[in-house]
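**Student:** Handing you a structure now.
The values are calculated or read from the model by the stated rules, or taken from the named source; none is laboratory data. None of the values given here were measured: they were computed from a predicted structure. No Cβ is skipped: glycine too gets one built from the backbone with ideal geometry, and neighbour counts run over all protein chains shown. In case anyone asks, the SASA skips ligands and DNA or RNA and just uses the protein heavy atoms, side chains included. Shrake-Rupley method; radii C 1.70, N 1.55, O 1.52, S 1.80 Å.
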Amino acid sequence: MSHGASSRGSHERQRAPYVAVVGPEAATSSEVETAQRLGRLLAQQHCTVICGGLGGVMEAVCRGAKSQGGTTVGLLPGSSRAQGNAFLSVALPTGLGELRNGLVVRSADAVIVVGGSWGTLSEMALAVRTNKPTIVINGWDIGVPDQPRNPQLRMATSVEDAIDALLWMVAHEAVADDAI
């Protein structure tokens, strides 16, 4: 490994994580409340929130993060920044429709799932498939038949439990990266 690559890797691990928060646009009031609280706590940990940029869970997590001075990034399905919710710091129109789900997942250091919809399931599957630390709050509980649960997938009982799991998983991932 070259010195430049090593320095870049160390710099990336020193910054607060970029966390994708995924969940339904047609969210329940409980999912909205959970996402808003999650956004507040992520901002307090200096995490950058990444989401699909629309309503429901996406808007609620952004609203919570912005209320604490956090940074929020929305990867929008269409071609116009005007589609984004009012709580985005950065609105990036992708023109990719639901294919943007891969960008949401791949641009994050970890993924937190709030609730569930089919789009949410696709993001969760991509996160687990690419070995991103993935924490689920009141959402899909899936596994591969006859195989142990992926260690990168955690079920959380509360927002606080999800934040604790996120910070532990990201810290231990950085330690594992250093060992390579």
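**Student:** Given a 10 angstrom Cα cut-off, can you work out which residue in 133, 145, 77 is the most mobile in a GNM of the chain?
**Tutor:** Maximum among the listed residues: 145.
**Student:** Evaluate the relative contact order of the range 87-142 (contact order divided by residue number), counting alpha-carbon pairs under 8 angstrom at least 6 apart; express in whole percent.
**Tutor:** 35 percent.
**Student:** I've got another one for you. For residue 46, what accessible surface area do you get with a 1.4 Å probe? Give it in Å², rounded to 10.
**Tutor:** Per-residue accessible area (residue 46): approximately 140 Å².
**Student:** For the chain, what is the mean residue ellipticity at 222 nm derived from helices alone (per DSSP H run of n ≥ 4: -39500 (n - 2.57); sum divided by total residues; nearest 500 deg cm²/dmol)?
**Tutor:** -14000 deg cm²/dmol
**Student:** Before I look further, what does the chain give for accessible area per residue, probe 1.4 Å, in whole square angstrom?
**Tutor:** Spelled out: the 1.4 Å probe surface of the chain, per residue, equals 51 Å².
**Student:** A further question follows. Scan the chain and report its longest stretch carrying no trypsin sites (Lys or Arg not before Pro) that are both in a DSSP loop and have at most 14 other Cβ atoms within 10 Å.
**Tutor:** Between the exposed loop sites, the longest stretch runs 16-148.
**Student:** Follow-up question, since we're still on this one. If you average the alpha carbon positions of the range 101-125 and of the range 13-92, how far apart do those two centres end up, in angstrom?
**Tutor:** A separation of 12 Å, based on Cα centres.
**Student:** With the contact rule set at Cα under 8 Å and sequence spacing of 6 or more, what percent relative contact order holds for the range 61-103?
**Tutor:** For the range 61-103, the relative contact order is 38 percent.
**Student:** Over the range 42-99, with every protein chain in place, what whole percent of the accessible area is carbon and sulfur at 1.4 Å, could you tell me?
**Tutor:** Its accessible area is 49 percent carbon and sulfur atoms.
**Student:** Which of the GluC sites (Glu not before Pro) found in the range 24-115 are in a DSSP loop and have at most 10 neighbouring Cβ atoms, other than their own, within 10 Å?
**Tutor:** none
**Student:** Would you compute, for the Cα atoms of the range 85-180, the largest minus smallest coordinate along each principal axis and list the three values in descending order, in whole Å?
**Tutor:** That gives 37, 33, 27 Å along the principal axes, largest extent first.
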